[in-house]
Amino acid sequence: MSFQHPTLLVVGVVVAIALAVGYWWLQRQRTRALAAAGLATHRDGFRRHLPPVLFLAALTLLLLSTARPQADLPVARAAGTVILAFDVSNSMAAKDVAPSRLAAAQQAAIEFAEAQPDSVSIGVVAFDQGALTTQQPSEDHAATVAAIKRLQINGGTSLGQAILASLTVIAGKPAQLPEEGQPAVDLGYWGNATIVLLSDGEDTGGPDAVAAAQLAAKAGVHIETVGVGTVDGATVEVDGFQVATSLDEELLTEVAQTTTGSYHRAENAQALHDVYEQLDLRLTTQVKPVELTGAAAVIAVLLLTIGGILMTTWFGRIV
């Protein structure tokens, strides 16, 4: 424990000792006066002394609290790295989620980024048939929001590429699926990292998304998948053709569960907003100085209250 104002601590200790000595001296004088008058002193010393002792203890705490005591305690906080991996394929232009799948995902992601504490680093990956890191993980959430706003519709969908690109950003080294018969790449362990994969789940190209999720699981990275769209689906125009698109929940669920993550359905803008509030971000502890002044004051008031109740109960008055 430490004190922000150690000088006041010394003053408080001196005053507390003076109060204790003063109480002892007054009791001694009282005993002598009663003896000189031929009166018997109270034998019930415990009942007679307890309320004043509680008062003295409370005053001592109040005096010590002026020195603003603090202690280094473990404090829980949201921390780590979150990669927002956005599907920007042509199917994300569908309007079964208004104003469109991608636009709704962007708006909810912006609200999520703005609500996070500085201890959470957020990166952005955009993927279609390939994947591109548009924002390295950063505590500058304004830069993250700007990167989210720049996302544009283009191409097909590769969930596997999205996961590998996100792992590359997290680990700082290329994440690749091993060739047949070869050992998997050691990415290290990143238990404080989470990938939030936003997609309609229509995987149109390799690499295998579940195999990529297994690589993430080995690295300790959780994947939370968010299904953007409706099961009934919609149609989008691609190069002059009308293409039907619907939500593939089965694949998104399998990818998430492979890493002990969860799948979340977001069939409208409000549901998508609710998904972000439910995301299970990692909680870590950090040792930080916590001021104990309030706690000391509360205990002092409690002691004063108990002392007052005992005094009025036992003696019928506060003396």
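Bear in mind these aren't lab numbers, they're just calculated from the coordinates by the rules spelled out. What you see is a predicted model, and the numbers here were worked out from it, not measured in a lab. In this analysis, Cβ positions are derived from the backbone assuming ideal geometry, glycine residues included, and neighbour counts consider all displayed protein chains.
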Taking R0 as 35 Å, what FRET efficiency do you get between Gln242 and Leu132 from their Cβ-Cβ distance, rounded to the nearest 0.05? 0.80
Based on C-alpha coordinates, I'd like the Rg and Dmax of segment 80-281, in Å. 15.6, 47
As a test, work out the antiparallel percent of DSSP beta bridges whose residues both lie in the chain, rounded to the nearest 5. 45 percent
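Given charges of +1 on the Cβ of Lys and Arg and -1 on the Cβ of Asp and Glu, with all other atoms neutral, how large is the dipole of the chain about its Cα centre, in debye to the nearest 20?
Rounded to the nearest 20 debye, it is 3740 debye.
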Can you give the longest stretch of the chain with no exposed loop site, where a site means trypsin sites (Lys or Arg not before Pro) in a DSSP loop (not H, G, I, E or B) with at most 14 other C-beta atoms within 10 Å? 151-316
Of Thr157, Thr305, Thr225, the most mobile residue in a GNM of the chain (C-alpha springs, cutoff 10 Å) is Thr305
Under the Karplus relation with 6.51, -1.76 and 1.60 and θ = phi - 60°, whole-Hz ³J(HN,Hα) for segment 234-242, x at Gly and Pro, equal 7, 10, 10, 9, 10, 6, x, 10, 8
With r as the distance between the Cβ atoms of Gln70 and Arg48 and R0 = 35 Å, compute the FRET efficiency 1/(1 + (r/R0)^6) and round to 0.05. 0.40
Quick one: which residues, 5 or more positions from Val226 or on another chain, have an amide H under 5 Å from its amide H? H modelled 1.01 Å from N in the peptide plane, none for Pro or chain starts. Leu197, Leu198, Ser199, His264
If exposed means GluC sites (Glu not before Pro) lying in a DSSP loop and surrounded by at most 13 other beta carbons within 10 Å, then the longest stretch of the chain lacking such sites spans residues 181-319
What residue among Gly123, Gly22, Gly233 has the largest mean-square fluctuation in a Gaussian network model of the chain, using Cα springs under 10 Å? Gly22
Go through Ala271, Gly12, Ala113 and say which Cα lies farthest out towards the positive end of the charge dipole of the chain; charges sit on Cβ, +1 for Lys and Arg, -1 for Asp and Glu. Gly12
When the chain is treated as a GNM, springs tying every alpha-carbon pair under 10 Å, which of Thr235, Thr60, Thr260 comes out with the largest mean-square fluctuation? Thr60
